[in-house]
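Below is one structure, written out as structure tokens; the observations come after it.
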Amino acid sequence: MKNNNDDSVLQNYLKVVTSFVDILLELDFSKNMIKVISSSSKFSTFSEKQECSFYRAIENTIYPEDHNLFLSTIEDKQYIKQLLMESRNEFEFRVRNGSEFVWVRGVLTKAQEEDPNKALFYMIDIDKAKRGTILQHEILNKYVYKLCDFLMLINLDNNSYKMIDNSFLHSTPMPPSASNNYISSFNSTIDCYVDFMDQARIREAVTVEKIKENLALDDSYIITYGVRDPKLGYTRKSLNFSYYDKAANIVFAVRTDNTIEYNRQKRQTEELREALFRAQTDVLTGVYNVSIRDVISNRLNGRSKEAALVFLDLDNFKTVNDTFSHAKGDELLIHVGSFLRQQMRSGDLVGRVGGDEFVLFFDTVPSHEEIHERV
């Protein structure tokens, strides 16, 4: 049976909390539901004990331009879990109050240790004296933060950091908005989102020691890596470190998205590779064409170990063409090219340099007898 004293304690606690916050919400991420615990009289949009879904609350209360950012955030369960691992996350945004939108500061914090899916979210109206600062943030969001995923200050001396923008609203995965353990928070993000092929390299690259070492050599330190975005798939990022206050060992870290440029260069590389393959390949047989001479020449340049070169031509090939037709002659050449490719080892080359003439290049020569036997 519930103790009446518990209700009394709870009510007294709520009175204290609501004396300095304007809106207090309980968020249930397992059900995607919001419950209004308390709301001050100056906010007509929220009424006490009101319950609704995240989606309805966002549509009815959040500034329209921020709808997609909020939606993408609440749908990323892994990122929400990461946010709730931090003791406190602060951010500023606009909510509806009657017919206008006003700036508030929101604070997300754990509700109960035993229920990891619930959190408390309280909002405080930002007074007019601070609106100038908010305007600066809005300008930064429009003209700076849209060019990057996040912008943070890292204190290399005490291993802490803080985001300068409303980073939690970005749809792309990133670290929590602030942390007293920079390395731990970054490594958690690396484990969750950085492409497996890049993880070990990035863990080492973002250490305090590596940042200091590289910034001692240059004004900026840039690393690139892949991110497995839950919604966008594979994306490519650049993380740029530079000193904000060298004497205090405080560093700017700016992450930008290079996916468009990365994909463009990747397509260009593939197109060049395909063009080179077509230029070097005999259309009929699929082996190298006369370009094999240049390939072999490059292989032999500056080489000390032995290699073997064999010239091969098909006897009486003209008779095959004259007797059975050129189509049958082509079939024979295709068969010979395929057979030779199957007999060669990795690193060996086959090329067709004339009508019925082939070149075989053996990259390694264990013995002359073995080459003779293989030929």
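The values are calculated or read from the model by the stated rules, or taken from the named source; none is laboratory data. Treat the numbers as computed from the prediction; the structure is a model and nothing was measured. Backbone-built Cβ (ideal geometry, glycine too); neighbour counts: all protein chains shown.
What do you reckon, is E209 among the acidic types (D, E) and assigned by the TED database to the domain that holds S177? Show your work before the answer.
Values: among the acidic types (D, E): yes; assigned by the TED database to the domain that holds S177: yes.
Criteria met by E209.
When you look at D191, is it modelled with pLDDT under 95, of a type in the set (D, E) and more than 17 Å from the chain's Cα centre (by Cα), yes or no? Give the derivation first.
On the way: modelled with pLDDT under 95: yes; of a type in the set (D, E): yes; more than 17 Å from the chain's Cα centre (by Cα): no.
No; evaluated as a whole, the condition is false for this residue.
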Residues that are within 52 Å of the chain's Cα centre (by Cα) and either assigned to a loop (DSSP other than H, G, I, E, B) or not assigned by the TED database to the domain that holds V365 (or both), drawn from region 299-335: N301, G302, R303, S304, K305, E306, A307
Among the numbered criteria (1) over 19 Å from R374 (Cβ atoms); (2) outside any loop (DSSP other than H, G, I, E, B); (3) of a type outside the set (D, E, K, R), which one does F339 miss? (1)
For I296, only one of the following conditions fails: (1) free of Cβ contacts under 8 Å to residues at least 40 places away in the same chain; (2) surrounded by 15 or more Cβ atoms within 10 Å (Cβ to Cβ); (3) in a helix (DSSP H, G or I). What is its number? (1)
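Based on what the data block shows, is Y244 of a type outside the set (S, T, N, Q), over 24 Å from the mean Cα position of the chain (by Cα) and assigned to a strand (DSSP E or B)? Step through it out loud before you land on a result.
Values: of a type outside the set (S, T, N, Q): yes; over 24 Å from the mean Cα position of the chain (by Cα): yes; assigned to a strand (DSSP E or B): yes.
Against the criterion (of a type outside the set (S, T, N, Q), over 24 Å from the mean Cα position of the chain (by Cα) and assigned to a strand (DSSP E or B)), Y244 qualifies.
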Quick check on my filter: what residues within region 354-370 are surrounded by fewer than 17 Cβ atoms within 10 Å (Cβ to Cβ) and under 50 Å from the mean Cα position of the chain (by Cα)? G354, T364, V365, P366
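Yes/no per residue for (1) at pLDDT below 80; (2) assigned to a helix (DSSP H, G or I); (3) surrounded by fewer than 17 Cβ atoms within 10 Å (Cβ to Cβ):
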| site | (1), (2), (3) |
| --- | --- |
| K146 | yes, yes, yes |
| N158 | no, no, yes |
| D165 | yes, no, no |
| S184 | no, yes, yes |
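Table: residues versus (1) without any contact (Cβ under 8 Å) to a residue 24 or more places away in the chain; (2) buried (at least 16 other Cβ atoms within 10 Å of the Cβ); (3) assigned by the TED database to the domain that holds F121; (4) polar (S, T, N, Q).
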{"site": "F43", "(1), (2), (3), (4)": "no, yes, yes, no"}
{"site": "E51", "(1), (2), (3), (4)": "yes, no, yes, no"}
{"site": "E59", "(1), (2), (3), (4)": "yes, no, yes, no"}
{"site": "I62", "(1), (2), (3), (4)": "no, yes, yes, no"}
{"site": "E65", "(1), (2), (3), (4)": "yes, no, yes, no"}
{"site": "F70", "(1), (2), (3), (4)": "no, yes, yes, no"}
{"site": "K77", "(1), (2), (3), (4)": "no, no, yes, no"}
Residue ID - modelled with the highest pLDDT, chosen from residues in region 27-85 that are assigned to a strand (DSSP E or B) and among the polar types (S, T, N, Q): S53
Selection from region 186-221 of residues that are more than 15 Å from R236 (Cβ to Cβ) and of a type in the set (D, E, K, R): D191, R203, E204, E209, K210, K212, E213, D218, D219
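So, F324, is that one free of Cβ contacts under 8 Å to residues at least 24 places away in the same chain and either in contact with a strand residue (DSSP E or B) (Cβ under 6 Å, 6 or more places away or on another chain) or surrounded by 12 or more Cβ atoms within 10 Å (Cβ to Cβ) (or both) or not? Walk me through it before giving the result.
Details: free of Cβ contacts under 8 Å to residues at least 24 places away in the same chain: yes; either in contact with a strand residue (DSSP E or B) (Cβ under 6 Å, 6 or more places away or on another chain) or surrounded by 12 or more Cβ atoms within 10 Å (Cβ to Cβ) (or both): yes.
Yes, satisfied.
Please go through region 353-372 and give me each residue that is touching a Ser or Thr at 6+ places or on another chain (Cβ under 9 Å) and either aromatic (F, W, Y) or over 27 Å from S291 (Cβ atoms) (or both), ordered by number. Let's see the steps before the verdict.
Quick first cut of region 353-372, residues touching a Ser or Thr at 6+ places or on another chain (Cβ under 9 Å) only: 358, 363.
Residue satisfying the conditions is F358 alone.
Give me a count of the residues in region 202-227 that are in a helix (DSSP H, G or I) and either exposed (fewer than 14 other Cβ atoms within 10 Å of the Cβ) or among the hydroxyl-bearing types (S, T, Y) (or both).
Here is the first cut: in region 202-227, the residues in a helix (DSSP H, G or I) are 202-205, 208-215.
Checking which are either exposed (fewer than 14 other Cβ atoms within 10 Å of the Cβ) or among the hydroxyl-bearing types (S, T, Y) (or both) leaves us with 204, 209, 213.
Matching residues across region 202-227 total 3.
For the subset of region 278-293 comprising residues that are part of a loop (DSSP other than H, G, I, E, B) and polar (S, T, N, Q), which member is surrounded by the most Cβ atoms within 10 Å (Cβ to Cβ)? Write out each step before concluding.
Pass one, region 278-293, residues part of a loop (DSSP other than H, G, I, E, B): 282-287, 289-291.
Filter once more, so that each one left must be polar (S, T, N, Q): 285, 289, 291.
Details: T285: 21, N289: 17, S291: 15.
Top of the filtered list is T285.
Here is a yes/no grid of residues against (1) under 30 Å from L156 (Cα atoms); (2) touching a Phe, Trp or Tyr at 6+ places or on another chain (Cβ under 9 Å); (3) without any contact (Cβ under 8 Å) to a residue 12 or more places away in the chain:
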{"residue": "T256", "(1), (2), (3)": "yes, no, no"}
{"residue": "E270", "(1), (2), (3)": "no, no, yes"}
{"residue": "D282", "(1), (2), (3)": "no, yes, no"}
{"residue": "V287", "(1), (2), (3)": "no, yes, no"}
{"residue": "N301", "(1), (2), (3)": "no, no, yes"}
{"residue": "A307", "(1), (2), (3)": "no, yes, no"}
{"residue": "V320", "(1), (2), (3)": "no, no, no"}
Take the conditions outside any loop (DSSP other than H, G, I, E, B) and either touching an Asp or Glu at 6+ places or on another chain (Cβ under 8 Å) or within 30 Å of N214 (Cβ to Cβ) (or both) and apply them to L239. Does it pass? yes
Of the residues I190, I260, which single one is in a helix (DSSP H, G or I) and farther than 18 Å from P175 by Cα? I260
Using the structure shown, decide if F101 is more than 27 Å from L232 (Cβ to Cβ) and of a type in the set (F, W, Y). yes
